[in-house]
Every structure is written in structure tokens, then in C-alpha cells.
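Below you'll find the structure, written out as C-alpha cells, and then a few comments.
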Amino acid sequence: MTRHLIDIEALPPGDAERLIARAVALSRGARPEACRGEIIQLFWEPSTRTRVSFELAAHRLGLRPLSIDPERSSSTKGESLEDTCRTLAAMQPTALVVRHAEAGTPQRVAGALAGTGVAVVNAGDGARAHPTQALLDAATLADEGIDWAGARIVLLGDLRHSRVARSAFSLYRRLGVEDLRMSGPSALLPDPDDPAFRGVARVEDIDAALDDAGVVVCLRIQRERIRALSLPDADAYHAAWGLTEERAGRLRPDARVLHPGPVNRGVEIAPGVADGERSRILRQVRMGVWLRMAVFEWVAGAAESTPSA
Ligand code: ASP
């Protein structure tokens with residue numbers, strides 16, 4: 001069977017834990033599995049860290065990464081997304097890594113590639129899912145020995161438009177975290193019946209939300225997914241909803257601050273907090289490469305064991 005990484009929910013039982021453990025092991029010097037083949041990256045949305053991270057992960061395993069800018073591809077000549085992907089799959093790469101503004105695109109691509117043996121890895125679809133971000137965040141925390149069952153994890157800011165938040169909560173529930181919270185302006189919090197936020201406490205008062213938190217994840221406002229929204233200016237937003245120096249100073253001494261990037265300094269997080277001792281932001285970036293190596297090993301391992309899948 002070809003293994004696709006579409007979202008956390010579709011991962012077989014135990015595989016999220018295995019990918020996290022493998023990323024941590026690689027980061028500590030475990031020998032990577034030698035892989036052969038190519039990875040094709042198709043990013044319909046802008047990206048710096050995710051694209052480079054996948055590319056470096058491929059290089060470090062011996063896979064050759066190619067990046068295609070869909071805006072300069074045959075998509076502009078009227079070719080459907082499915083046909084573009086089927087054409088690329090016919091050249092037999094190991095996997096396509098796909099990012100798209102429309103939720104559900106990676107599933108569509110996986111459907112189009114059925115029977116080809118080419119895997120699809122989701123690098124972010126709309127506000128729906130960003131599974132490698134969730135896994136690398138968890139690997140960053142696992143590397144520091146977090147106790148999932150006893151952890152209080154708080155996500156701050158724009159949760160409504162965040163694929164990072166949806167994948168994160170899905171993964172943390174799976175890892176056994178019981179105390180999940182979110183806080184932000186009501187216009188940026190999800191609909192109360194959004195199933196992706198099941199079991200997550202909505203705490204209106206940000207200071208109450210942060211009380212005794214072990215992990216705080218700051219999220220930027222996803223302006224590219226918002227048509228009309230009246231929010232206070234950056235300074236007022238920061239004072240009301242940001243992780244200010246003052247709020248960070250009241251966190252537990254062992255609290256860790258995460259941010260998936262890109263960081264908007266002075267808006268969702270104070271510059272001194274982003275660079276401070278609680279910040280794990282650059283560790284997340286570093287772990288991202290190890291985690292994506294683990295994902296490619298996982299994908300390539302399935303391809304090798306079933307060559308005709
Ligand atoms: N880099 C993350 C994403 O692609 C978070 C963000 O853009 O705010 O979703």
C-alpha cells in the first residue's frame with residue numbers, strides 16, 4: 001500500500017508516535033535510511049521554511065528534491081490539477097509534496113494518483129491541515145521529555161483560520177493530552193461546533209488561559225484567508241491578545257513557547273519572548289528537517305516493500 005501523509009486523522013494507529021520518535025532519534029544522531037529517488041514539491045501557496053525543510057530532508061536522505069512553481073507550469077495553460085499531478089507521477093518520483101490554499105487538495109491529488117505507487121505528502125491545505133507542522137512541534141516537545149498526559153497546552157491567536165491549530169489539536173488528543181485550551185479575539189476563534197476543536201476549552205480571558213500552562217503556541221493572524229475583519233491595530237492587538245513580555249514573565253518557569261512561523265513580532269508575540277529562553281521557535285525549525293526525513297523514510301519504506309502498489 002502506498003503511504004500518503006494527508007492529515008493526522010488518517011495516520012494508522014501508532015504511526016504518529018513512530019514518526020515523532022524517529023525524528024527525535026535522527027536529531028540525536030541515528031543513521032538515516034539510505035533512500036533513492038526523487039521528491040517533487042508543488043507549492044501553490046508561498047512558503048519559506050516548509051519548502052526548504054522538505055528539500056533539505058530529501059537531500060539528507062539521498063533523495064533528489066525538485067521544486068515546481070505551479071504558477072509557471074502547465075496549470076496556467078488550462079491543465080487540471082489532477083492532470084498535472086498524474087503527468088508528474090508518470091515520471092515515477094517517490095512522492096509529491098503538495099501545498100494548496102484550497103482545503104482537500106492533497107486528498108484530490110492522492111485520488112488522482114491511485115495505483116501509481118507515488119505518495120502524496122500534505123504541506124498544508126487551506127485552513128484544514130498541516131500534519132508535518134503538528135508532528136514536528138510534538139517531536140520538539142518529546143525531545144524535551146514532555147509528559148503528554150499531564151501537559152496543559154494553550155494555543156493563542158487566530159485559531160479559526162489555522163491549519164496548524166487543527167492538526168495540532170488532533171495530534172495532541174491522540175497523544176493523550178487532556179488539558180487543551182485556546183484563547184484569542186472571538187472573531188478569530190472557531191465556530192463552537194467545529195469538530196476539529198472538540199475537547200478544547202475556549203478561555204476568553206487570555207491571562208486565565210495561560211495560567212499554569214506548560215506549552216504556549218502563538219499563531220499569527222492568517223490575513224490571506226480573511227476577507228473582512230475589523231481588528232485593532234498591531235499595538236492594541238498585542239496588548240490584548242499577544243504573548244507580551246509581561247505575560248511571558250508570569251508563565252511557569254519551565255513553560256515552552258512555540259510558534260510555527262512566520263512570526264509577526266510585536267503582534268502575536270513580543271520580540272523578546274520570541275528570542276527568549278522559553279522560546280523553542282528555532283528548535284522547531286531544526287526538528288522540522290528531522291521530522292520530514294522521518295516522513296520520507298516512512299513513505300519510501302512502504303514503496304520499497306510493495307513495489308507494484
Ligand atoms: N507556516 C504555517 C502554515 O503554513 C503557519 C502560518 O503560516 O502562520 O500554516
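The values are calculated or read from the model by the stated rules, or taken from the named source; none is laboratory data. Keep in mind that this is a model prediction, so the values were computed, not measured. Don't worry about glycine lacking a Cβ; one is built from the backbone with ideal geometry, like all the others, and counts go over all protein chains shown. The protein model used for the area step is the full one, side chains on, heavy atoms only, and it has no ligands, DNA or RNA in it. Shrake-Rupley method; radii C 1.70, N 1.55, O 1.52, S 1.80 Å.
For beta carbons closer than 9 Å, sequence separation of 6+ or different chains, a first residue in the range 140-163 that is farther than 30 Å from R227 by Cα and a second that is at pLDDT below 95 and open to solvent by less than 10 Å² (accessible area, probe 1.4 Å), there are no qualifying pairs. Taken as a whole, the condition of being modelled with pLDDT of 95 or more, surrounded by fewer than 20 Cβ atoms within 10 Å (Cβ to Cβ) and out of contact with any His (no Cβ under 8 Å at 6 or more places or on another chain) does not apply to R223. The set of residues from the range 18-56 being of a type outside the set (S, T, N, Q) and either part of a strand (DSSP E or B) or within 15 Å of the ligand (Cβ to nearest atom) (or both) comprises E38, I39, I40, L42, F43, W44, E45, P46, R49, R51, V52, F54. Within the range 278-298, identify whether any single residue is part of a loop (DSSP other than H, G, I, E, B) and more than 20 Å from the chain's Cα centre (by Cα), and answer yes or no. Yes, there is a match, as at least one residue in the range 278-298 is part of a loop (DSSP other than H, G, I, E, B) and more than 20 Å from the chain's Cα centre (by Cα).
Only residues that are crowded, with 19+ Cβ neighbours inside 10 Å and aliphatic (A, V, I, L, M) were counted in the range 1-54, giving 13. With respect to the conditions (1) farther than 21 Å from F197 by Cα; (2) open to solvent by 10 Å² or more (accessible area, probe 1.4 Å), E102 lacks only one, and its number is (1).
Within the range 1-24, residues that are among the polar types (S, T, N, Q) reach partners that are crowded, with 21+ Cβ neighbours inside 10 Å with beta carbons closer than 6 Å, at six or more positions or on different chains, in the pairs T2/A119. For the range 32-72, the set of residues classified as out of contact with any strand residue (DSSP E or B) (no Cβ under 8 Å at 6 or more places or on another chain) and farther than 15 Å from M293 by Cα consists of P46, T48, E71, R72, listed by residue number.
Matching residues to (1) open to solvent by 40 Å² or more (accessible area, probe 1.4 Å); (2) among the hydroxyl-bearing types (S, T, Y); (3) over 25 Å from T48 (Cβ atoms):
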{"residue": "L171", "(1), (2), (3)": "no, no, no"}
{"residue": "R202", "(1), (2), (3)": "yes, no, yes"}
{"residue": "A209", "(1), (2), (3)": "no, no, yes"}
{"residue": "S230", "(1), (2), (3)": "yes, yes, yes"}
{"residue": "R252", "(1), (2), (3)": "yes, no, yes"}
{"residue": "N264", "(1), (2), (3)": "yes, no, no"}
{"residue": "A270", "(1), (2), (3)": "no, no, no"}
{"residue": "R280", "(1), (2), (3)": "no, no, no"}
{"residue": "V285", "(1), (2), (3)": "yes, no, no"}
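Among the residues of the range 64-73, not a single one is on the phi > 0 side of the Ramachandran plot and more than 16 Å from the ligand (Cβ to nearest atom).
When the range 57-78 is examined, which residues are found to be surrounded by 13 or more Cβ atoms within 10 Å (Cβ to Cβ) and outside any helix (DSSP H, G or I)? Once the filter is applied, which keeps residues that are surrounded by 13 or more Cβ atoms within 10 Å (Cβ to Cβ) and outside any helix (DSSP H, G or I), the range 57-78 yields G62, L63, R64, P65, L66, S67, I68, S73. With R128, R86 as the choices, which residue is open to solvent by 10 Å² or more (accessible area, probe 1.4 Å) and within 30 Å of G176 (Cβ to Cβ)? Only one candidate passes the filter, namely R128.
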